[in-house]
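Presented below is the structure to which this report refers.
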Amino acid sequence: MDIITVEELRTRMDAGEELHLVDVREPHENAAFNIGGVLLPLGMIRSMQIDEIEDLKEKEVILYCRSGNRSGQAAMFLETMGFQNTKNLIGGMLAWEEKFGR
């Protein structure tokens, strides 16, 4: 698992890169504020319900949560399931909101 900062992610988003973002927060957190990632709560990843992203095993997958803790766990779980390029958004949505607002 690698890391990515909110600044790096924002630069890549603004450049129009095709990114594979996965939000591992709960649905109510995602509904309140999100940056466009696929919602796949950590509990679903732990129970290996990852059909939505199964085809991304060979691609870069950027995971985020509220603070970076759950997404770090999710990245490690995905690596054990064969994902080869996971990145954890350091500081999560708290860092994003602090730097860029909603």
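Pairs meeting the criteria (first residue in region 42-56 and at negative phi, second residue β-branched (Val, Ile, Thr), beta carbons under 6 Å, at least 6 apart or on different chains) are Leu42/Val24; Glu52/Val38. In region 12-31, the residues that are within 20 Å of Lys57 (Cα to Cα) form Cβ pairs under 8 Å with partners that are outside any helix (DSSP H, G or I) and hydroxyl-bearing (Ser, Thr, Tyr), at six or more places apart or across chains, as follows: Leu21/Tyr64; Val22/Tyr64; Asp23/Tyr64; Val24/Tyr64.
Of the listed requirements (1) touching an Asp or Glu at 6+ places or on another chain (Cβ under 9 Å); (2) loosely packed, with under 13 Cβ neighbours inside 10 Å; (3) not β-branched (Val, Ile, Thr), Ala31 misses just one: (1). If I ask for residues that are at pLDDT 95 or above and either of a type in the set (A, V, I, L, M, F, W, C) or in contact with a Cys (Cβ under 6 Å, 6 or more places away or on another chain) (or both), which ones from region 1-31 would you list? Correct list: Ile3, Ile4, Val6, Leu9, Met13, Ala15, Leu19, Leu21, Val22, Val24, Arg25, Ala31. Within region 83-96, the only residue that satisfies the criterion of being free of Cβ contacts under 8 Å to residues at least 60 places away in the same chain, touching a strand residue (DSSP E or B) at 6+ places or on another chain (Cβ under 7 Å) and not in a helix (DSSP H, G or I) is Phe83.
When the residues of region 42-82 are filtered to those that are of a type in the set (Asp, Glu) and part of a helix (DSSP H, G or I), the one that is surrounded by the most Cβ atoms within 10 Å (Cβ to Cβ) is Glu79. Take the conditions part of a loop (DSSP other than H, G, I, E, B) and loosely packed, with under 12 Cβ neighbours inside 10 Å and apply them to Glu18. Does it pass? Against the criterion (part of a loop (DSSP other than H, G, I, E, B) and loosely packed, with under 12 Cβ neighbours inside 10 Å), Glu18 qualifies.
The values are calculated or read from the model by the stated rules, or taken from the named source; none is laboratory data. Everything numeric here is computed off the predicted structure, so don't read it as measured data. Counting neighbours? That spans all protein chains shown, and the Cβs are built from the backbone with ideal geometry, glycine included.
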